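Since the structure comes first, as structure tokens, the remarks are kept for the end.
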Amino acid sequence: MLLEVVKYGTPALRQKGALIDHVTPTIKKLIGDMLETMYAHKGVGLAAQQVGLALQLTVIDVRGATDRPSSLERGGVPVDVAEFMPMVLMNPKITPVGQRIIGPEGCLSFPEIFGDIERVDVVDVEGLDKDGKKIEFRCGGLLSRAIQHETDHLNGILFIDRMDKATKEELRPELDRLQAETKARLKQ
């Protein structure tokens with residue numbers, strides 16, 4: 001079932017997600033609905049906060065982004081990223097291990113708004129998969145950027161919070177408009 005992707009100005013986007021202790025039928029359905037929603041909006045990631053739920057749950061699929069490669073290692077051995085897509089991460093913890101680089105980002109909760117964001121190019125990740133089993137891996141490229149972006153969502157942090165001051169000021173009219181439209185819609 002397609003879910004509504006909430007926009008900037010919706011309080012849920014600023015909420016830290018609750019940990020998921022075990023995978024219930026409700027969580028399994030939510031995962032399926034979030035994947036369907038992400039694909040329908042042509043995104044590479046979607047956090048529970050973006051569908052109005054404060055949970056430590058995100059879905060990611062970078063296979064469609066051929067212009068921005070990704071890497072994945074399990075136990076120090078490179079593996080095919082596509083084999084692990086779509087990826088479901090619950091309660092993720094990330095540890096930066098690479099260099100800080102600047103790259104373009106957008107967000108489904110900020111339609112048509114993009115900015116360059118500084119993030120680490122390689123991270124170690126641990127969390128739970130769709131079955132509630134522990135997973136650990138190292139990733140780079142777009143997958144690393146997407147996981148950092150989505151993990152920020154799970155902690156109530158938005159990509160605009162990571163923008164440099166000049167970029168954010170340049171986007172200020174668009175951000176103010178989007179936030180005002182969202183708040184007006186929420187009052188109805």
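For the range 20-35, which residues satisfy the criterion of being at pLDDT 95 or above and loosely packed, with under 15 Cβ neighbours inside 10 Å?
Thr24, Pro25, Thr26, Lys28, Lys29, Gly32
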Select from the range 100-115 the residues that are of a type in the set (A, V, I, L, M) and closer than 23 Å to Gly9 by Cβ and write down the one among them that is surrounded by the most Cβ atoms within 10 Å (Cβ to Cβ).
Leu108
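Yes/no per residue for (1) farther than 14 Å from Val125 by Cβ; (2) among the polar types (S, T, N, Q); (3) modelled with pLDDT of 95 or more:
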| residue | (1), (2), (3) |
| --- | --- |
| Asp61 | yes, no, yes |
| Thr66 | yes, yes, no |
| Asp80 | yes, no, yes |
| Met90 | no, no, yes |
Scanning the range 112-135 for residues that are in contact (Cβ under 8 Å) with a residue 12 or more places away in the chain, of a type outside the set (Val, Ile, Thr) and over 22 Å from Ala166 (Cβ atoms) gives Asp121, Asp124, Glu126, Gly127, Leu128, Asp129, Lys130, Asp131, Gly132
State whether one or more residues within the range 5-21 are more than 15 Å from Leu128 (Cβ to Cβ) and touching a strand residue (DSSP E or B) at 6+ places or on another chain (Cβ under 6 Å).
yes
Counting only residues that are within 14 Å of the chain's Cα centre (by Cα) and not in a helix (DSSP H, G or I), the range 160-179 contains a total of 0
I'm checking my understanding of the structure. Among residues of the range 59-80 that are hydrophobic (A, V, I, L, M, F, W, C) and either out of contact with any helix residue (DSSP H, G or I) (no Cβ under 6 Å at 6 or more places or on another chain) or assigned to a strand (DSSP E or B) (or both), which one is surrounded by the most Cβ atoms within 10 Å (Cβ to Cβ)?
Val59
The lone exception for Ile31 - which of (1) touching a strand residue (DSSP E or B) at 6+ places or on another chain (Cβ under 9 Å); (2) assigned to a loop (DSSP other than H, G, I, E, B) it fails:
(2)
Conditions: (1) more than 19 Å from the chain's Cα centre (by Cα); (2) at pLDDT 95 or above. Gln188 meets all but one. Number of the miss?
(2)
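From the list Ile94, Ile157, Ile147, Ile113, which residue is part of a loop (DSSP other than H, G, I, E, B), of a type in the set (Val, Ile, Thr) and modelled with pLDDT of 95 or more?
It is Ile157.
The values are calculated or read from the model by the stated rules, or taken from the named source; none is laboratory data. Quick caveat, the model's predicted, so the values are computed rather than measured. Reconstructed Cβ throughout: ideal geometry from the backbone, glycine too, with neighbour counts over all protein chains shown.
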